[in-house]
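Participant: Here it is, the structure in full.
The values are calculated or read from the model by the stated rules, or taken from the named source; none is laboratory data. The structure presented is a predicted model; accordingly, all values stated were derived computationally and were not measured. Methodologically, a virtual Cβ is constructed for each residue, glycine included, from the backbone with ideal geometry; neighbour enumeration extends over all protein chains shown.
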């Protein structure tokens, strides 16, 4: 049996790490603006083990307020061998009224470099441009309401010692990989005292993660501690002695994120059901795979054979499932040439799906990759984990005229005693059927639970609402 290939959306966690507060400077806040630049340097921990660092700064630059965050993390791979490195830099620029003007983000890993850029074009339309494997695609997004002037009030009160417990500040920001607007709230819950290390203490939350997180700031405005799920940040050099951070032990983000279960479901006797600790529904993209029973969502029986049936896919959906995206560069000459060369003689759709699935399994080296790379990146690199296998297969299928989508979910591992995050493909042969190229499995129907369908890399943030909240149940048929 092939070794389990699972993935964690590393870029998701990097993008969700909170930037150091950005500030709109107005003439009414001279005591605050005189404090710039403000710089925070944090050690980053995962399960109390040091895994990297983060530097955040806010400065005045060329008539703008520039907020920069630089993150570098390194954790063990999914099997505990070696280490994976990921670095990310995000820059946001605001005018003197606190309004966002532009933003950019660059993620660098062994898989390559991916950049996101948010700008306003000459017509006043906001655009997000994604560059991966040297190919840039752009899409319009809703007008960006991001303003951060309220944070100036927080820091002015902190520097003047006029903050009051219970005071709260609300901001809106845009997440660059998805284009979603995120509303965050910061509330002062404690004033500096001997008990809390002479720090201001804030309770933070946002509309995406929906978690309560702790933020501690000293009287000089420097961050002392911050929750950054699944990480935590501490002011550089302040980790307490005797913690696991002193052992040098490796930590696996894959193991931390698994959904524990001592056994797999019993086929023919049980069905898999999922629920969430905050009672949220399953993502709309996969709702058709489940039926609701109370607070649980029971997974329907997945096809165990590929039987080509008449095409009943709506035209609009068919076009969408054949289109090129920033992740699936279906129209790129290299992808089309490979798809054509593999197609060969006319065979059934089911046989063709199996042929492409087998090719991707045999062609790609099985190596962990810190990012969810594009099809073109994967083809040129020649290696990857389940995410790379999935995007390459989906691109080849689309290039051959077979509707395909990338599925992100969880898969059971006997050796891991639990469900791990994984990616595979659903292809259309008159009905949707799963193919798992990293496991050489088609049809793939056992022990797989779909959670998100993401054709263009914009829904990765949806997993943030699921990770750490999902609960699994085995129910009688």
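Participant: Please determine, by comparing only the residues of region 80-120 that are in contact with a helix residue (DSSP H, G or I) (Cβ under 6 Å, 6 or more places away or on another chain) and in a strand (DSSP E or B), which one is modelled with the highest pLDDT.
Facilitator: The residue in question is 88.
Participant: Could you check how many residues of region 307-343 are assigned to a helix (DSSP H, G or I) and over 16 Å from residue 397 (Cα atoms)?
Facilitator: 2
Participant: Follow-up. Looking at (1) within 27 Å of residue 73 (Cα to Cα); (2) crowded, with 20+ Cβ neighbours inside 10 Å, which is the only condition residue 181 fails?
Facilitator: Answer for residue 181: the failing condition is (2).
Participant: In addition: Return yes or no: is residue 472 at pLDDT 90 or above, under 22 Å from residue 280 (Cβ atoms), assigned by TED's automatic domain parsing to the domain that holds residue 274 and surrounded by fewer than 24 Cβ atoms within 10 Å (Cβ to Cβ)?
Facilitator: Against the criterion (at pLDDT 90 or above, under 22 Å from residue 280 (Cβ atoms), assigned by TED's automatic domain parsing to the domain that holds residue 274 and surrounded by fewer than 24 Cβ atoms within 10 Å (Cβ to Cβ)), residue 472 qualifies.
Residue-wise test of (1) closer than 30 Å to residue 219 by Cβ; (2) modelled with pLDDT under 50; (3) assigned by TED's automatic domain parsing to the domain that holds residue 160; (4) more than 24 Å from the chain's Cα centre (by Cα).
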position: 25; (1), (2), (3), (4): yes, yes, yes, yes
position: 34; (1), (2), (3), (4): yes, no, yes, yes
position: 37; (1), (2), (3), (4): yes, no, yes, yes
position: 44; (1), (2), (3), (4): yes, no, yes, no
position: 68; (1), (2), (3), (4): yes, no, yes, no
position: 76; (1), (2), (3), (4): no, no, yes, no
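Participant: Right, here's the next one. Return yes or no: is residue 146 over 18 Å from residue 40 (Cβ atoms), touching a residue at least 40 places away in the same chain (Cβ under 8 Å) and either in contact with a strand residue (DSSP E or B) (Cβ under 6 Å, 6 or more places away or on another chain) or surrounded by 19 or more Cβ atoms within 10 Å (Cβ to Cβ) (or both)?
Facilitator: Yes; evaluated as a whole, the condition is true for this residue.
Participant: Still on this model: Collect the residues in region 370-389 that are farther than 18 Å from residue 326 by Cα, surrounded by fewer than 24 Cβ atoms within 10 Å (Cβ to Cβ) and modelled with pLDDT under 85, keeping them in residue-number order.
Facilitator: Hit for region 370-389 is 383, nothing else.
Participant: Here is a follow-up. Please go through region 157-172 and pick out each residue that is more than 29 Å from the chain's Cα centre (by Cα), outside any loop (DSSP other than H, G, I, E, B) and surrounded by fewer than 20 Cβ atoms within 10 Å (Cβ to Cβ).
Facilitator: Of everything in region 157-172, those that are more than 29 Å from the chain's Cα centre (by Cα), outside any loop (DSSP other than H, G, I, E, B) and surrounded by fewer than 20 Cβ atoms within 10 Å (Cβ to Cβ) turn out to be 157, 159, 160.
Participant: Now a separate question. So which of 132, 136 ends up being more than 18 Å from the chain's Cα centre (by Cα) and either under 18 Å from residue 68 (Cβ atoms) or not assigned by TED's automatic domain parsing to the domain that holds residue 328 (or both)?
Facilitator: The conditions single out 136.
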